[in-house]
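See below for the structure under consideration.
The values are calculated or read from the model by the stated rules, or taken from the named source; none is laboratory data. Everything numeric in this text was worked out from a predicted model, so none of it was measured. Every residue, glycine among them, receives a Cβ derived from its backbone with ideal geometry; neighbour counts consider all protein chains shown. Areas reflect the complete protein model, heavy atoms only, side chains present, ligands, DNA and RNA absent. Shrake-Rupley method; radii C 1.70, N 1.55, O 1.52, S 1.80 Å.
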Amino acid sequence: MSTGKDDTAAPVAATREDNTGRPKGLGPTGWLRWAWRILTSMRTALILLFLLAVGAIPGSFLPQNVVSVEEVNTYFREHPELAPWLDRFYLFDVFSSPWYAAIYLLLFVSLAGCVIPRAITHARAVRARPVQTPRNLGRMPYAARFTTDADPETVLDRARGVLKGYRTERYGDSVSAETGYLREAGNVLFHLALLGLLLALAAGAFFGYRGNLLLVEGDGFANTLTSYDAIYPGHWTDTDDLEPFTVHLDDFEASFIEDGDLRGQAESYVADLTYRESPEDEQARHRLEVNHPLSVGGVQVYLLGHGYAPEFEVRNADGEVVFDQPVPFIHRETRSFTSDGVVKVPDTGDEEQLGFVGVFLPSAVETEDGELISDFPGARNPQVTLEGYRGDLGLVDPQSVYQLRTTGMEELGSSPVLEMGDTWRLPDGAGSITFSGYSEYVSLQVNRDGARLPALAAASLAVLGLLVTLFVRPRRVWVRAVTGEDGRTTVELAGLGKTEAAGDNAEFHELTTELAQRLRNASEGPDAEGPESGPDPHTPQDPSGSTTTRE
Amino acid sequence: MTYTLAGAVNETMASASDTLIIAMIVTYAAALFLFAIEAAYGQRTRLKAGKLMPVGAGAADGNTDDAIEVNVRSTEGEAKAPQNALGRIALGVTTLGFVLGVAQIVTRGLAAGRWPWGNMFEFVVALCLVAVGGLLYASFRYQARFLGAFVLVPVLLLLGIGVRWLYVDPGPLIPALQSYWIPIHVSATILAGGAFMVSGAAGVTYLVSHRTETKRALGEKVTGIAGRLPSPELLDRISHRFVLFAFPLWTFGIIAGSIWADEAWGRFWGWDPKEVWSFISWVIYAAYLHARATGGWRGPKATWINVVGFATVLFNFFAVNYMFSGLHSYA
Ligand code: HEM
């Protein structure tokens, strides 16, 4: 009973004011308890939240390996002094760094330590009856008093009717009522859902994988480790046992805006795929677009980008075809789609290998000063220029398919500008190369992340819990009815809101006026006269005009 | 390979929309002028009790048959704000501006044949519309007309920046933005952002009013607009109300954004700069809500967190689009 009183009298914030007085000579358990209390205090949570926000800032200013390894490499090249130092503090891997992990793990330990005991207390409170009516209702933040001819029993009875949505309990000459239990539940749900979100994300990172590859029109791939140009498996992912689907790229089409300010901006990309979920399955079709990934065997396949793969036919000195295929080129930027690539011909029939560095212009035009550029990303006038090399490609060492190692090679000079079908005869009878056409390719990302749905569920629960926390207002109301010396009944109504005083008080006042109204209607009976006892309880004679908010 | 002409743009609508935005800016500027006069010269009037003010302040002088005697224990000062007839006119003018704003957005959407928030210019305009809508709501619902000048200043600044530097002709969107998630994700962030803006404006007003109160307590005289503001408690409550509205929406916006990112880019969260900063804003507003429940943090400290929160929202919008390269840089 006394605890109930304390509970009602103390403002909410004060109970959370943390008692972080240092224990004196308490021994190790005392210290541990003290540390735990500090860690699970609201103030610590606040500080950790700040650290979480501040710690994320370098993650946006510095290039991050999770976002783009190339950008990090560029940064290293441009800042050779600074970069290794930054790297020492994991500043290129902020979100997987030990110090960032320390912040969020502490935050979540603090959260669990804070919220779980609260959940237990709350579970008890939900089953408890509304608290005893305090003796002195006049001390409550809202207190109203009026007299009525109705007897106390009727008053209390009507009070229960007015207190819709409240849980009520009769204590002697009074009714005690409480509502808004859901708020605490919402708060607990919100915080636990955040915890669940973290766990889901961790699990996804450990068991998933992400891979990238290029696929030229007319080609296909099977989902095995070797199909990928790059694959990033999680710690516990079994890469020997990937989902056995196959995908074939039938056709790709990009369309671009033709004129105006936005000329050259992409308008749509569509890749027509056929795929099988496993070798035994039926073949199916899918129209892959930017916002329309393929979902196959629990794995998502996304269209990340596209480009041109000019086709070359290379003949050796004897005129035999030694190379005939499309070669993916990488675009420099998207407005012109000027693309660079490398053609490597390892087997020419004699010991000299051939290599070419090429530039592909999808819509070649000559500028006024005679420079050849591409002025549109679509392939309106595809042209290629090449530089030839002869010698050793150095393929014994691993190397990028987009770079030619020219150290062991002899230059053959530059080609003329080649249109489709044109052939460049190499000097010294080294053979010839024909620009025979072009295909388009798509760059795909394949993703397995088991966390997607659990994370979404956790996040949705968090929003639900948040809405409940923010909009349910717990409040208590007491109504006491006592017969006075003059035989009339004195009614006292008091209210205590745990959140925002003003809105609560406005509501308490509505309760008072409604109760008064109902009692008057009751005492005057059905044939009451006078317009002021009109039956509409929502237009009470409001002494303060408090329920109207307009001017 | 197919080509399309950009001729889908409806020129009549486009020019109507461009005229409307200028008309809207002029209207807001007039309203700001009137609000400022009210703030500076209006009669300090006690505000009627309402959803944001404790009841009972006027109960003693009320008398009815019921004779309800109300006793509200409140530590707050009385809520007074400068008021005069110009304020009402300002409110009317603001409403007119708001209507022009709605028309502007609708015509722009018709001109481009798509949802009218696909680039930075359109985003700024929509954000300001929401902020003004928030101001109107607060004025009618909470009698918070006194916020007029404080909300319209950032609105006009942003609109000016939008028209001067961010403007692009209406046109179609890049493929990554062609999705039904535009109306969902972007609308949520715009609504939340506009409400954060009102909250931030009320927060700044609160900080000024709080300082006035502190100075008065020290016996100093405070004159000018700063000396005529409503009580800090009231401003704090308005500011808090708008965060209560905006925070869940922002949360939802982030979630919707990650679902979209999952569809478009193959991962729902990749620490792209835009994602990092929306996360930072989210954490800061969570910290604001926490601070209000933490002993010793309620009041100016919590409000500073709120103001910093809006600064991060703006930073996310301007800086991230221009300073960083990322998937989200559509500038
Ligand atoms: C991931 C970190 C966290 C986030 C994003 C977060 C967010 C929030 C939000 C948005 C609220 C609603 C505030 C309101 O009711 O007005 C809240 C309330 C609360 N949080 Fe957290 N929180 C986090 C961690 C923690 C931790 C570590 C603790 C404990 C030390 C904690 C304890 C509480 C408590 C007690 C409330 C209720 C406040 C009240 O009743 O007004 N939270 N939190």
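Facing another protein chain (nearest Cβ under 9 Å), of a type in the set (Ser, Thr, Tyr) and within 20 Å of residue A:61 (Cβ to Cβ) - does that describe any residue in the stretch B:261-283? Yes, the stretch B:261-283 contains at least one residue that is facing another protein chain (nearest Cβ under 9 Å), of a type in the set (Ser, Thr, Tyr) and within 20 Å of residue A:61 (Cβ to Cβ). Kindly provide the set of residues from the stretch B:263-308 that are open to solvent by less than 20 Å² (accessible area, probe 1.4 Å) and more than 14 Å from the ligand (Cβ to nearest atom), ordered by number. Matches in the stretch B:263-308: B:264, B:266, B:270, B:272, B:273, B:275, B:276, B:277, B:299, B:303. Beta carbons closer than 8 Å, at least 6 apart along the sequence or on distinct chains, pair a first residue in the stretch A:453-471 that is free of Cβ contacts under 8 Å to residues at least 24 places away in the same chain and within 7 Å of chain B (Cβ to nearest Cβ) with a second that is within 10 Å of the ligand (Cβ to nearest atom) and of a type in the set (Ser, Thr, Tyr) for A:463/B:251.
The single condition among (1) within 11 Å of chain B (Cβ to nearest Cβ); (2) more than 16 Å from the ligand (Cβ to nearest atom) that residue A:103 does not satisfy is (2). Is there a residue being farther than 23 Å from residue A:142 by Cα, open to solvent by less than 20 Å² (accessible area, probe 1.4 Å) and at pLDDT 95 or above anywhere in the stretch A:442-456? Scanning the stretch A:442-456, I find no residue that is farther than 23 Å from residue A:142 by Cα, open to solvent by less than 20 Å² (accessible area, probe 1.4 Å) and at pLDDT 95 or above, so the answer is no.
In the stretch A:123-155, the qualifying residues are those that are within 14 Å of chain B (Cβ to nearest Cβ) and among the small types (Gly, Ala, Ser), and the one that is most open to solvent (accessible area, probe 1.4 Å) is A:138.
Close Cβ contacts (under 7 Å, 6 or more residues apart or on different chains) running from residues in the stretch A:39-64 that are more than 7 Å from chain B (Cβ to nearest Cβ) and within 14 Å of residue A:111 (Cβ to Cβ) to residues that are of a type outside the set (Lys, Arg) and more than 11 Å from the ligand (Cβ to nearest atom) comprise A:41/A:20.
Across the stretch B:246-265, what is the number of residues that are in contact with an Asp or Glu (Cβ under 9 Å, 6 or more places away or on another chain) and either at pLDDT below 90 or among the small types (Gly, Ala, Ser) (or both)? Residues that pass the stated criteria total 5. Residue A:507 satisfies every condition listed in (1) at pLDDT 85 or above; (2) farther than 30 Å from residue A:193 by Cβ; (3) open to solvent by 20 Å² or more (accessible area, probe 1.4 Å) except (2). So is residue A:461 open to solvent by 50 Å² or more (accessible area, probe 1.4 Å) and not in a loop (DSSP other than H, G, I, E, B) or not? For residue A:461, the condition - open to solvent by 50 Å² or more (accessible area, probe 1.4 Å) and not in a loop (DSSP other than H, G, I, E, B) - is met. So which residues in the stretch B:158-191 are in a loop (DSSP other than H, G, I, E, B) and of a type in the set (D, E, K, R), if there are any at all? Scanning the stretch B:158-191 gives a single hit, B:169.
Scanning for something touching a Ser or Thr at 6+ places or on another chain (Cβ under 9 Å), in a loop (DSSP other than H, G, I, E, B) and open to solvent by 80 Å² or more (accessible area, probe 1.4 Å), does the stretch A:374-388 turn up at least one residue? Looking through the stretch A:374-388, at least one residue is touching a Ser or Thr at 6+ places or on another chain (Cβ under 9 Å), in a loop (DSSP other than H, G, I, E, B) and open to solvent by 80 Å² or more (accessible area, probe 1.4 Å). Look at the stretch A:346-372: where a residue is modelled with pLDDT of 90 or more and a partner is among the β-branched types (Val, Ile, Thr) and outside any strand (DSSP E or B), sitting 6+ places away or on another chain with Cβ atoms under 6 Å, you get A:354/A:348; A:361/A:338.
For the condition in a helix (DSSP H, G or I) and either free of Cβ contacts under 8 Å to residues at least 40 places away in the same chain or farther than 17 Å from residue B:126 by Cβ (or both), residue B:223 does not qualify. Mind listing just one residue for me: the one in the stretch A:23-43 that is more than 16 Å from the ligand (Cβ to nearest atom) and out of contact with any Pro (no Cβ under 9 Å at 6 or more places or on another chain) and, of those, modelled with the lowest pLDDT? Checked the stretch A:23-43; the qualifying residue modelled with the lowest pLDDT is A:23.
Summed over the stretch B:226-250, residues that are open to solvent by less than 20 Å² (accessible area, probe 1.4 Å), more than 16 Å from the ligand (Cβ to nearest atom) and assigned to a helix (DSSP H, G or I) total 4.
Using the structure shown, decide if residue A:204 is open to solvent by less than 30 Å² (accessible area, probe 1.4 Å), away from the ligand (no atom under 16 Å from the Cβ) and not assigned by TED's automatic domain parsing to the domain that holds residue A:238. So residue A:204 fits the description; yes. Counted as qualifying within the stretch A:127-185 are the strands (runs of 3 or more DSSP E) with 3 or more residues that are within 11 Å of residue A:491 (Cβ to Cβ), namely A:142-148.
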